[in-house]
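Since the structure comes first, as structure tokens, the remarks are kept for the end.
The values are calculated or read from the model by the stated rules, or taken from the named source; none is laboratory data. Since we're looking at a predicted model, the values are computed, not measured. Counting neighbours? That spans all protein chains shown, and the Cβs are built from the backbone with ideal geometry, glycine included.
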Amino acid sequence: MKNIILTGLSGCGKTTTAKILSQKLKIMYFDTDAEIERTAGKSVKQIFDDDGEQKFRSIESSVISLLSVKRGVIISTGGGAVLRQCNICELKQNGVIFYLKKSPKRILDCLKEDTSRPLLLSETAEQKLYKLSSLFEQRSQIYKSTADFTIDAELLSPEQTANSVIKIFAALLP
């Protein structure tokens with residue numbers, strides 16, 4: 001069985017959706033950011049602060065490489081995982097990629113109190129929205145072009161998003 005891969009901007013619901021999918025399908029899920037933290041022995045924020053984004057991206061690529069060889073699992077990627085072509089190639093080898101699309105405004109509403117995302121640590125809501133909008137503009141075409149399927153999760157609950165993934169994925173099974 002192929003892996004279910006979730007991509008999208010930070011805060012679009014990838015990890016929450018992965019947890020729901022894992023429960024419904026009775027298969028394991030892996031969150032690349034959690035695996036990076038386990039591997040590095042420190043938080044994503046600490047890696048960014050101490051070592052910079054390039055070091056984080058290198059660890060991320062190593063983690064994706066290790067997770068991609070697994071079979072029949074769910075992998076929730078970090079928002080920037082698609083920035084490296086090698087990550088996409090690894091994920092596509094044994095996975096079906098779902099882009100969970102959500103607008104920056106909707107994501108910001110979901111992340112109001114979240115301080116764990118280094119790329120969104122700004123002082124005001126306007127600065128956060130600007131940063132998120134900028135990331136959306138930079139990455140949305142990459143998400144679309146690398147995904148096998150796009151789920152418009154703008155108005156969907158995580159449960160509804162998971163159900164959409166399941167419906168599409170089930171249709172692919174022999």
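For segment 1-43, the set of residues classified as over 24 Å from Leu108 (Cα atoms) and without any contact (Cβ under 8 Å) to a residue 40 or more places away in the chain consists of Gln23, Lys26, Glu35, Arg38, Thr39, Ala40, Gly41, Lys42, listed by residue number. Find the residue count for segment 85-105, including only residues that are hydrophobic (A, V, I, L, M, F, W, C), assigned to a helix (DSSP H, G or I) and surrounded by 17 or more Cβ atoms within 10 Å (Cβ to Cβ). Of the residues in that region, 2 qualify.
For beta carbons closer than 7 Å, sequence separation of 6+ or different chains, a first residue in segment 138-164 that is over 16 Å from Leu91 (Cβ atoms) and a second that is part of a helix (DSSP H, G or I) and of a type in the set (A, V, I, L, M, F, W, C), the qualifying pairs are Ile151/Val165; Pro158/Ile20; Glu159/Ile20; Ala162/Ile20; Ala162/Leu21. Yes or no: Pro174 more than 15 Å from Gly13 (Cα to Cα), in contact with an Asp or Glu (Cβ under 8 Å, 6 or more places away or on another chain), modelled with pLDDT under 95 and not hydroxyl-bearing (Ser, Thr, Tyr)? For Pro174, the condition - more than 15 Å from Gly13 (Cα to Cα), in contact with an Asp or Glu (Cβ under 8 Å, 6 or more places away or on another chain), modelled with pLDDT under 95 and not hydroxyl-bearing (Ser, Thr, Tyr) - is not met.
Within this structure, Ser122 fails the test of being modelled with pLDDT of 95 or more and out of contact with any Pro (no Cβ under 8 Å at 6 or more places or on another chain). Looking at segment 1-69, the helices (runs of 4 or more DSSP H) lying wholly inside it that each contain 1 or more residues that are among the hydroxyl-bearing types (Ser, Thr, Tyr) and closer than 15 Å to Val165 by Cα sit at 14-25.
Val82 falls short on exactly one of the conditions (1) over 17 Å from Arg139 (Cα atoms); (2) within 15 Å of the chain's Cα centre (by Cα); (3) in a helix (DSSP H, G or I), and that condition is (1).
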